[in-house]
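See below for the structure under consideration.
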Amino acid sequence: MTPVRTLFAALLIAAVASAGVQALPQEKAGAMKTSQVPQSPEWQRLKTLVGNWDGTMEEGGQTMPATVEVRMTGDGSAIMHVLGKDSPYEMVTMIHPDGKRLLATHYCAAHNQPRMALVPSKAANQVAFSFVDGTNIGPGEEHMRSVVFTFVDADHHEEAWTSSGSSKPALFKFTRKK
């Protein structure tokens, strides 16, 4: 079976399964070869964010309410981070492995998509990403250049998002919803 037909078969199986219909034995998804998801310490730590979070965002001397939903997708191969879900400024960041490196692609309310790669963190309880490249970013246009996730404890974390137009990050402080 060609790679395209194999992918199509897998998608068909997923659609049929979600409709509650049993797949035929020859259509088992297990026949599809998939890449491995590296299980780095940073990946393991980021997976602990799965859930719903309430908190605040501090920027420029103002504090505003904030929410984030984090979930696994792509059969555990990507983390979907949805900031401000269902608001006009909802933003999605997809965190995923790319070979041995870890990437974060941020789909921003600024209408661009900066891509950031894992970089060494300043503290053991942090996971940091820094700008590599992006799409829809014109010369001089503002975009996210870094994000640092700080793990306070199992039910509290912070996110420091730094834009190219600012020297100070917007600081988000979240508490897990139970």
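The values are calculated or read from the model by the stated rules, or taken from the named source; none is laboratory data. It should be emphasised that the depicted structure is a prediction, and the values quoted were computed from it without experimental measurement. Note that each Cβ is placed from the backbone with ideal geometry, even for glycine, and that neighbours are counted across all protein chains shown. In case anyone asks, the SASA skips ligands and DNA or RNA and just uses the protein heavy atoms, side chains included. Shrake-Rupley method; radii C 1.70, N 1.55, O 1.52, S 1.80 Å.
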Residues in segment 124-171 that are aromatic (Phe, Trp, Tyr) and either more than 19 Å from ALA104 (Cβ to Cβ) or in contact with a Gly (Cβ under 6 Å, 6 or more places away or on another chain) (or both): how many? 0
Strands (runs of 3 or more DSSP E) wholly inside segment 14-112 that include at least 1 residues being open to solvent by 30 Å² or more (accessible area, probe 1.4 Å) and at pLDDT below 95: 51-59, 62-73, 91-98, 101-107
Every listed condition ((1) in contact with a helix residue (DSSP H, G or I) (Cβ under 7 Å, 6 or more places away or on another chain); (2) surrounded by fewer than 16 Cβ atoms within 10 Å (Cβ to Cβ); (3) closer than 23 Å to PRO169 by Cβ; (4) not hydroxyl-bearing (Ser, Thr, Tyr)) holds for ASN125 save (1)
Output for segment 138-167, where each listed residue is part of a loop (DSSP other than H, G, I, E, B), open to solvent by 50 Å² or more (accessible area, probe 1.4 Å) and touching a residue at least 24 places away in the same chain (Cβ under 8 Å): GLU141, GLU142, ALA154, SER164
Can you name every residue in segment 129-178 that is of a type in the set (Gly, Ala, Ser) and in contact with a helix residue (DSSP H, G or I) (Cβ under 9 Å, 6 or more places away or on another chain)? none
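Yes/no matrix, rows are residues, columns are (1) among the basic types (Lys, Arg); (2) over 15 Å from ALA160 (Cβ atoms):
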| position | (1), (2) |
| --- | --- |
| ARG71 | yes, yes |
| GLU90 | no, yes |
| ILE95 | no, yes |
| ASP98 | no, yes |
| MET116 | no, no |
| ASP133 | no, yes |
Sort out which residues of segment 168-178 are in a strand (DSSP E or B) and within 11 Å of ARG145 (Cβ to Cβ), and write them in order of number. none
